[in-house]
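Notes follow the structure.
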Amino acid sequence: MGEYIEDKVILEETTLRDGDQSPSVNFLLEEKLHIATILSDILTEDDSIDAGFPAASYLEFESVKEISKVIAKNYIMGISRMKVEDIDTTYEALKYTPKRRIGLIIPTSPTHRKMKLNVDQGQLIDLAVASVIHAKKYFDEVEVGLEDGTRTEMDFLYRLIEKLIINGVKSVTIADTIGASMPWEYGDIFKKIKNNVPNIDKLKSLGAHCHNDLGLALPNSIEALRNGANKVGCAFNGLGERAGNTATEEILMYLKLKHNYKDNNKAEYNYSRITECSQVVEKYSTIQVQKNKPIVGENCYLHESGIHQDGILKNKETYQLFDPAIVGYKGEIFAFGKHSGRNGLKYKLEQLGFDSSRVDMNLLFQEFKSFAEVKKRVTDEDIVYLVENLA
Ligand code: MN
């Protein structure tokens, strides 16, 4: 294919746009700049930061503009409706950076066409083409996001995408806007587009943008990659409208550990700031990360049961898919409760500065067990108390 990079996945990070659209999230300008700085370091120069929707409000405009002035490494994208004013405003916000992209939102499904724009298929194609032509005046990189693309007639998608490419669009994203697709259905859409759009090889990227309404955002994104997509939209902590988007930390670790089942993704991400970025996004978004959230949840690298603690002490690979240090995790490896075991407790004592050979471990373990039966979690302070008060 032309400019299409076969084995390099491109990320379109949307914490600052789709994430910011989550109910009760409102990132302030300084917060957006802080998050953008960390994202920029984690991502590669081929990836883009979806910085916001400049025409939405004055503050949104200002924040997209400021991000584009501060971040030079990555592409900065602003999204826009198919309106001349929106496109002009998006350019005004992004004119300070050469690495600018516009993401035109094109509502394609029958419901979206009728309810949002009241246009038929032909009228939508005309509107989309006119918008692309206008956007091309300002942007080398015009992207289109086909909103509710997964509930759109396939033959219409082929015709629309062909026309968009003829008019200079470099990137097309098929959005599963309401999280309606099953992984095999989503993969099939990409396979069919690859096979049925005659000029598809002129694209630089074909992208997925998934929502997690049925918990399928990550598997859907992976199926898209397995069937010809090379770009994935994602947001930290899985933020985004409703149940959110594909989580950036999850797609990153998929790429590191499993993509193509070999080291085929050439991208060099800075994985070591994943934990930090998640925590910063958690704080500014005010949306707490659930404890068992993959990759960044508080429980992900903690082992409570005795059998697991013993295994981890012998070799971390017994019960851990990857070394938590990869994602910058520096926390505890053991939690204590009624399932915990003697070896884990002994390890903890040493960590707390006790000489376990001078402690009656049988007695301590007995005391610990009866204490742990009635507590949700046994803390370091509890363990110190138990040792110091052994009969
Ligand atoms: Mn979305």
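Here the Karplus curve 6.51 cos²θ - 1.76 cosθ + 1.60, taken at θ = phi - 60°, turns the phi angles of the stretch 57-63 into couplings of 6, 4, 5, 5, 4, 4, 5 Hz, with x standing for Gly and Pro. Across the stretch 125-137, computed HN-Hα scalar couplings (Karplus, 6.51 cos²θ - 1.76 cosθ + 1.60, θ = phi - 60°) run 4, 4, 5, 5, 5, 4, 5, 4, 4, 5, 5, 4, 5 Hz from first to last residue, x flagging Gly and Pro. Pairs of Lys residues in the stretch 306-388 that lie 8 or more places apart, or on two chains, and have C-alpha atoms under 14 angstrom apart add up to 5. With both residues required to sit in the chain, DSSP beta bridges show an antiparallel share near 5%. Distance between the modelled labels on residue 121 and residue 58, one decimal in nanometres: 4.5 nm (7 Å Cα→Cβ projection).
Subtracting the Cα-Cα distance of residue 317 and residue 72 from 0.36 nm times their residue separation leaves 84.3 nm of extension gain.
Mean residue ellipticity at 222 nm, helices only, the chain: -12000 deg cm²/dmol; runs of at least 4 DSSP H residues each add -39,500 (n - 2.57), and the sum is divided by the number of residues. When the Gaussian network model of the chain links Cα atoms closer than 10 Å, the mean-square fluctuations of 12, 250, 350 top out at 350.
On a C-alpha basis, how far is the centre of the stretch 82-112 from the centre of the stretch 178-221 in Å? Whole number, if you could? Computed from Cα coordinates, the inter-centre distance equals 21 Å. Amide H contacts of residue 233: 12, 208, 209, 210, each under 5 Å away and 5 or more positions distant or on a separate chain (H built 1.01 Å from N in the peptide plane; Pro and chain starts excluded). In order along the stretch 298-305, phi translates into HN-Hα couplings of 4, 8, 4, 10, 9, 10, 10, 6 Hz, rounded to whole numbers, per the Karplus curve 6.51 cos²θ - 1.76 cosθ + 1.60 with θ = phi - 60° and x for Gly and Pro.
Residues 157, 127, 94, arranged from fewest to most other Cβ atoms within 10 angstrom of their Cβ, appear as 127, 157, 94. In this structure, the pairs whose alpha-carbon distance is over 18 Å, taken from 8/258; 73/99; 258/291; 32/283, are 258/291. Considering only 40, 278, 340, the mean-square fluctuation computed in a Gaussian network model of the chain, springs between alpha carbons under 10 angstrom, is largest for 340. Residues considered: 27, 336, 365. Largest GNM mean-square fluctuation over the chain, using C-alpha springs under 10 Å, is found at 365.
Take the residue pairs 114/231; 83/204; 136/163 and return only those whose Cα atoms are more than 18 Å apart. Pairs exceeding the cut-off: 114/231; 83/204.
Coordinate-derived values only; no laboratory data. All values derive from a computational prediction rather than experimental measurement. Virtual Cβ from ideal backbone geometry, glycine too; neighbours counted across all protein chains shown.
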